[in-house]
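See structure below.
The values are calculated or read from the model by the stated rules, or taken from the named source; none is laboratory data. In this text the structure is predicted, and so the values were computed from the model without any measurement. Neighbour counts run over all protein chains shown; Cβ positions are idealised from the backbone, glycine included.
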Amino acid sequence: MQRNPLTAGILVAGLVLSASSQAADVRINGFMSVVGGATLSEGTARNRATGAETPATFEADAPTGGVYDDDISFKPDTNYGVQISSNLGDGLSVTGQITGAGGEDFDANVSWAYVNYDLNDTWTVQAGRQRLPLFFYSDFLDVAYAYHWARTPQVLPAAFSDTFEGIKFAWSDSTDNWDWRASIYGGSGSAESGVVGIKTNNVLGGVIKVSNDWLQLRASYSQNELVISGSPEITASFRRNGVPQATSENPLGFQFAGVGVHMTFDDVFVVSEYALSAIENPFAPDFDAVGTDGTIGWYISSGIRIGNLTPHITYGYNEQTLSREMPGLTNDAANAASTITLGVRWDFHPSAAFKAEYSSRDDDSDDIVQNDIGFASVGNGDQHKVDIFTLGIDIIF
Amino acid sequence: MTNKTLKTLLAASLTSATLMGSVAAWSGVAVIVHPSNTNSFSATDISRIFLGKKKSYPDGSEAIPVDQKDGAAVRSSFVSTVLKKNDQQIKAYWAQLLFTGKGTPPKEVGASADVRQLIAENPALIGYIDSADADGTVKVVHQF
């Protein structure tokens, strides 16, 4: 009997198909937040040069530029994500996550796209596009269902790109009552902020986390080299003593370090983080590239679970200290703001939570600065003073 | 009394009767493995496997946890006693891991009888069932 090559081909294809659909365990998961809100009362930012005053706004999502003003908006905190992952067996899996945020008109972005391979029981390697794991909540910033706030505190110093493409080695193990997790990563990233393009080269960092059944401790370090692109005016503004900076020849060094603690006592939890960042200035080591000694931020938050309700309170503080060494400055001065947030999370459904949240931010900036070279706008009115209220629903599926 | 109120009352009494019935019949939770699994387990070992922190048994062989259906009374009891989390906390916990590539929640496989049947057939699996459903086809390694 002569074999029909076509039939054989179909048979083989069929076998391969059925084999792959058996082995490939494909999962589709997603999340969505629909949040509306507005600022209630505002301070004003005053332009020192022109005297013009503009109302203060509240930036809810720095990476996407989601900003609340006094008109009710559903954009700044509203987002979605769909994740497809497939376990190919023998420790190999692939994951892709598409997200979109109101601040970017819901345009779809690839936030994660990576291959994961379990080298053994304690070591895992991930290669591809991943979130930059700076804070406790960085990894799952978009998944508001996974935390108690409507949005994470906006007081910690942000990086210029929240993703990177590269490789991460993660290790996890446990001893008696403690679980240990550590990772190191490297790669490069990019971001756009309005008309400014930012490349983060030579991203390098690590995270260590130790936890037991009530305590989590976490420390994180990250650094990269910033290269700025844009119009000639923009690139010219990154110039000191006639030498262009933030170029691929003279990149600016960015450094970040942070520590965090999370404690659970029955129905009460307390979480706190402290972080600092600085942009190195190769031409004037006494102050960094934006004229500050760096940015610090910290918050402490607590909540109590009462059935399906979780009322919570958070205090946060952010400060950029302008360096005394700056031309025109006679003493230390801070560009600073503190925020108190009160909110309640209501788990009204097994996969959805309703959140009401009120934040009041005060301007703690020093009001003294003789700032004749156009650096940070300290003392320019109450530019940080703003109250906002939001209502929203977070869903996972 | 309107017909609607009567129906509501009837439904309410039926619901409470069902709830009481299930509480009365529920004798406790047994954590079970395949009879050929000779590992000994502490509550911490079980918790680590079900939270995705351990992927193997103490003897080094692969460990695959299976969950009961969301909302099952046995599952809530297991999650609060062994994993020390409430239903909402465990959902948030897995959301954190799932969307950051650090892990996937255990497969859901229905009720106690389904879990028992699967575990009887697969030495890698570990699950929990209503103690009353435990029989010779599986091995009970922890009970509460």
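Data table
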{"read-out": "Residue count, the stretch A:144-181 (criterion: among the small types (G, A, S), within 11 Å of chain B (Cβ to nearest Cβ) and buried (at least 19 other Cβ atoms within 10 Å of the Cβ))", "value": "4"}
{"read-out": "Boolean, A:V207 is at pLDDT 95 or above, in a strand (DSSP E or B), away from chain B (no Cβ under 14 Å) and crowded, with 20+ Cβ neighbours inside 10 Å", "value": "no"}
{"read-out": "Near pairs, Cβ below 9 angstrom, 6+ apart or cross-chain, from the stretch A:254-275 (touching a residue at least 12 places away in the same chain (Cβ under 8 Å) and crowded, with 16+ Cβ neighbours inside 10 Å) to any residue that is among the acidic types (D, E) and part of a loop (DSSP other than H, G, I, E, B)", "value": "A:F254/A:E280; A:Q255/A:E280; A:T264/A:D213"}
{"read-out": "Residue match in the stretch B:29-39 (condition: of a type outside the set (S, T, N, Q) and modelled with pLDDT under 90)", "value": "no"}
{"read-out": "Every pair of residues 6+ apart whose Cβ atoms lie under 9 Å, when the first sits in the stretch A:300-323 and is more than 14 Å from chain B (Cβ to nearest Cβ) and outside any strand (DSSP E or B) while the second is surrounded by 16 or more Cβ atoms within 10 Å (Cβ to Cβ) and polar (S, T, N, Q)", "value": "A:S323/A:T292"}
{"read-out": "Selected residue (only one of A:S93, A:S73 is closer than 30 Å to A:N335 by Cβ and at pLDDT 90 or above)", "value": "A:S73"}
{"read-out": "Filter result (closer than 21 Å to B:Q96 by Cβ and part of a loop (DSSP other than H, G, I, E, B)) within the stretch A:100-134", "value": "A:T122, A:L132, A:P133, A:L134"}
{"read-out": "Filtered residues of the stretch A:113-125 (kept if free of Cβ contacts under 8 Å to residues at least 40 places away in the same chain and touching a strand residue (DSSP E or B) at 6+ places or on another chain (Cβ under 9 Å))", "value": "A:A113, A:Y114, A:V115, A:N116, A:Y117, A:D118, A:L119, A:D121"}
{"read-out": "Condition check for B:V138: surrounded by 19 or more Cβ atoms within 10 Å (Cβ to Cβ), over 29 Å from A:A113 (Cβ atoms), more than 10 Å from chain A (Cβ to nearest Cβ) and in contact with an Asp or Glu (Cβ under 9 Å, 6 or more places away or on another chain)", "value": "no"}
{"read-out": "Members of the stretch A:167-187 that are part of a loop (DSSP other than H, G, I, E, B) and in contact (Cβ under 8 Å) with a residue 24 or more places away in the chain", "value": "A:N177"}
{"read-out": "Considering residues of the stretch B:40-56 that are part of a helix (DSSP H, G or I) and hydrophobic (A, V, I, L, M, F, W, C) only, the residue modelled with the lowest pLDDT", "value": "B:A43"}
{"read-out": "Pairs, first modelled with pLDDT under 85 in the stretch A:188-202, second of a type in the set (A, V, I, L, M), C-beta under 9 Å, six or more apart", "value": "A:A191/A:A159; A:A191/A:I198; A:E192/A:I198; A:V195/A:I234; A:V196/A:I228; A:V196/A:I234"}
{"read-out": "Tally, over the stretch B:81-115, of residues that are surrounded by 20 or more Cβ atoms within 10 Å (Cβ to Cβ) and either more than 13 Å from chain A (Cβ to nearest Cβ) or more than 29 Å from A:S183 (Cβ to Cβ) (or both)", "value": "2"}
{"read-out": "Of all residues in the stretch A:81-90 being within 9 Å of chain B (Cβ to nearest Cβ) and small (G, A, S), the one that is nearest to the chain's Cα centre (by Cα)", "value": "A:G81"}
{"read-out": "Top-ranked residue in the stretch A:335-353 [being touching a Ser or Thr at 6+ places or on another chain (Cβ under 6 Å) and among the aliphatic types (A, V, I, L, M); ranked as nearest to A:M32 (Cα to Cα)]", "value": "A:I340"}
{"read-out": "Residue check for B:I129: surrounded by 18 or more Cβ atoms within 10 Å (Cβ to Cβ), farther than 23 Å from A:S351 by Cα and either at the interface with another protein chain (Cβ under 9 Å from one of its Cβ atoms) or modelled with pLDDT of 90 or more (or both)", "value": "yes"}
{"read-out": "Among residues of the stretch A:135-158, those that are assigned to a loop (DSSP other than H, G, I, E, B), within 16 Å of A:E273 (Cα to Cα) and not hydroxyl-bearing (S, T, Y), counted", "value": "12"}
{"read-out": "One residue from B:V74, B:V33 being more than 10 Å from chain A (Cβ to nearest Cβ), touching an Asp or Glu at 6+ places or on another chain (Cβ under 7 Å) and crowded, with 20+ Cβ neighbours inside 10 Å", "value": "B:V74"}
{"read-out": "A:T78 crowded, with 21+ Cβ neighbours inside 10 Å, more than 12 Å from chain B (Cβ to nearest Cβ) and under 24 Å from A:I296 (Cβ atoms)", "value": "no"}
{"read-out": "Considering residues of the stretch A:94-120 that are β-branched (V, I, T) and crowded, with 16+ Cβ neighbours inside 10 Å only, the residue nearest to the other protein chains (Cβ to nearest Cβ)", "value": "A:T95"}
